[in-house]
Amino acid sequence: MAKLTTFSKLLIVFLVVAGAFFGIRYATNSGLIGSGTNNQGNNSSSEPSRSSSSNSDDVIKIGVVTWGGYAGGQYFNEGFAANTASRFSKEYGIDVEFVLNDDFDASLNAWKAGEIDLHWYTIDAFPTILPGLEAFDPVALFQADWSRGGDAIVVRRGIRTVADLKGKKIAVAELTPSHSFLIWLLDAGGLSIDDVEIVKQASAIDAAAAFKSQQVDAAVVWSPDDELSIRAVPGSRVLESTRSASNIIADFFFAKREYVNANRDKLQKLYEGWMRGAAEINASASAKGKAGKILAEGLGIPEADAIAAIDNVRLATHGDNRNFFGLNTDFQGVDGNGLYLRMTNEYQKLGVIDGKVPNWRQISMPTLIQRTELSGPDNEAEASKTFTKVEASEAKELEAIASKPVSINFRTGEHVLDENAKYIIDREFVEIAKAFANARIRIEGNTDNVGSRTSNIKLSELRAQSVANYLIKEHNMSPNRLIIVGNGPDKPLSSNNTQDGKAKNRRTDFQLVRE
């Protein structure tokens, strides 16, 4: 019998060792052999463990910033990292990770490079970045929240209305949600960006710093910098916030069309779980408390600040998303299409958008929403604010935040709206009324000095009531929200000595008033 050579012996030993190694590895991965102290889920640590796929391409990675509006997903995920306790993992079999980065440019570059799958932004400012994303074919998937106090305009002593901002220096981060909010508020006060001096800032944080150092008269800031700014500048105040300007800043998530098409099932599960989480937080104080703890840990902020951040938004539900993406044909409020189109036009007029902006149908993809069925009151859309009736004497004295004069032509001595008058109301004010949905509206009728003061006051009140009746019937606005005032000739904008002056005085003023 032939003897084995030294080389043959070494080869046999190598094969035996290799076979044993791969056999043990297979048994371990198959669950036949336990792995350490974490055998069959008995983890000695109280913290949830990372899921087995958390380092693989299967994890849905979502880019976020320090903001309370993403709490629905983070709460349902039981944290920011992919983990075995996540309800996404347990109930849907998907792994989700929230990647926090407050440097927007760096975060967006990570999305472009494929390191992040979904990315946040706001619909109002989305048109400003879309031309630079054309090669990536981004699509809007779902709305996460409405800002409800998270954005504010702080002003120095002596500024009480939007009209007082004329000619003043305002610090704002251009081409951001802050810029959009300022454009809306100025319009509500009958002003435009050209009527103020913009002091450009890199971010809302920098805008707050400029205000605190008293370099500017006003600034558009994010919470909690509104409170910090007021403390830093004696006599300053919040002129307006998204608490009453409730339908202007809408956070949403977008992804590359190619990624969505390849991962529709996973993304639908993500959306459904996220919406369930948002509904639970909206409906339950204990769920909000738990979400606050998760955000505090994930964002590195005090728990009280995390709860405040959640309180500064409306977490969007499945019903809200159906409204926002135009799937509810009966909805008459602000939707994504209207907001996107309005701000596209505004930014194009300012000349700050380079390149073509696609239309809403090209960039919206409501497939996830359409494939989801969530029922029950917690998943329904947000109801309109309920306004209580205000006594006429009190209503007339409420402080106006913004006043927009609109010329509505009536026939002499008449108060009936014609079709042209209705068109003017729709064009000049209805969008503002819907955007500032949590603010009361005072409608003031005004006349020139032709005729007696008594008859003009009565006529102006009837004309204001005609405008209110139109808003109630055509746009479903609450009668208790609207305050009717007839000024007659008592509040002229111009001299009644000329025909031009009289024409300016025959007007209707639309005012947003403080509660």
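The values are calculated or read from the model by the stated rules, or taken from the named source; none is laboratory data. The structure displayed is predicted, hence computed values, not measured ones. When we count neighbours, we look across all protein chains shown, and the Cβ atoms used for this are built from the backbone with ideal geometry, even at glycine. With ligands, DNA and RNA removed, areas are computed over all heavy atoms of the protein, side chains included. Shrake-Rupley method; radii C 1.70, N 1.55, O 1.52, S 1.80 Å.
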Cα gyration tensor of the stretch 114-190, axes a ≥ b ≥ c as square roots of the eigenvalues: rounded (a/c below 1.5), prolate (a/b > b/c) or oblate? prolate
How large a share of the accessible area of the chain, in percent, is made up of carbon and sulfur atoms when the probe is 1.4 Å and the other protein chains stay in place? 49 percent
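If you wrap a convex hull around the alpha carbons of the stretch 395-515, what volume per residue comes out, as a whole number of Å³?
Working: hull volume 11.8 nm³, N = 121.
Considering the Cα atoms of the stretch 395-515, their hull volume per residue is 98 Å³.
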Total charge dipole magnitude, the chain, about the Cα centre, Cβ charges on Lys, Arg, Asp, Glu only, Debye to nearest 20: 180 debye
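Considering all projection directions equally, how large on average is the shadow of the alpha-carbon convex hull of the chain, in square nanometres? Spell out each step's value before the answer.
Details: hull surface 132.3 nm².
So the mean shadow area of the Cα hull is 33.1 nm².
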Using the Karplus equation 6.51 cos²θ - 1.76 cosθ + 1.60 (θ = phi - 60°), what ³J(HN,Hα) coupling, rounded to whole Hz, does each residue of the stretch 58-74 give in order, writing x for Gly and Pro? 7, 6, 7, 9, 10, x, 9, 10, 6, 6, x, x, 9, 4, x, x, 5
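Which order do W222, W111 take when ranked by solvent-accessible area (1.4 Å probe, heavy atoms of all protein chains), largest first? Could you put the intermediate results ahead of the total?
Details: W222 75, W111 0 Å².
Listed by decreasing accessible area, they come as W222, W111.
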Taking only protein heavy atoms and a 1.4 Å probe, what accessible area per residue, in Å², does the chain have with all protein chains in place? 48 Å²
Please work out how much accessible surface K349 shows to a 1.4 Å probe, ignoring ligands, DNA and RNA, in Å² rounded to 10. 150 Å²
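Quick check: with the 1.4 Å probe, what order do R411, R463, R237 take by accessible area, largest first? List each step's numbers first, then the result.
Details: R411 175, R463 25, R237 50 Å².
Sorted by accessible area, descending: R411, R237, R463.
Taking the mean number of other Cβ atoms within 10 Å as a proxy for protection, how do you rank 71-77, 437-443, 140-146 from highest to lowest?
On the way: 71-77: 26.7, 437-443: 21.4, 140-146: 24.1.
My ranking of the peptides, most packed first, is 71-77, 140-146, 437-443.
Based on the mean of other Cβ atoms within 10 Å per residue, sort peptides 486-494, 257-265 so the most packed one is first. Please report the intermediate quantities before stating the final value.
Numbers: 486-494: 16.9, 257-265: 14.6.
Per-residue mean Cβ counts within 10 Å order the peptides as 486-494, 257-265.
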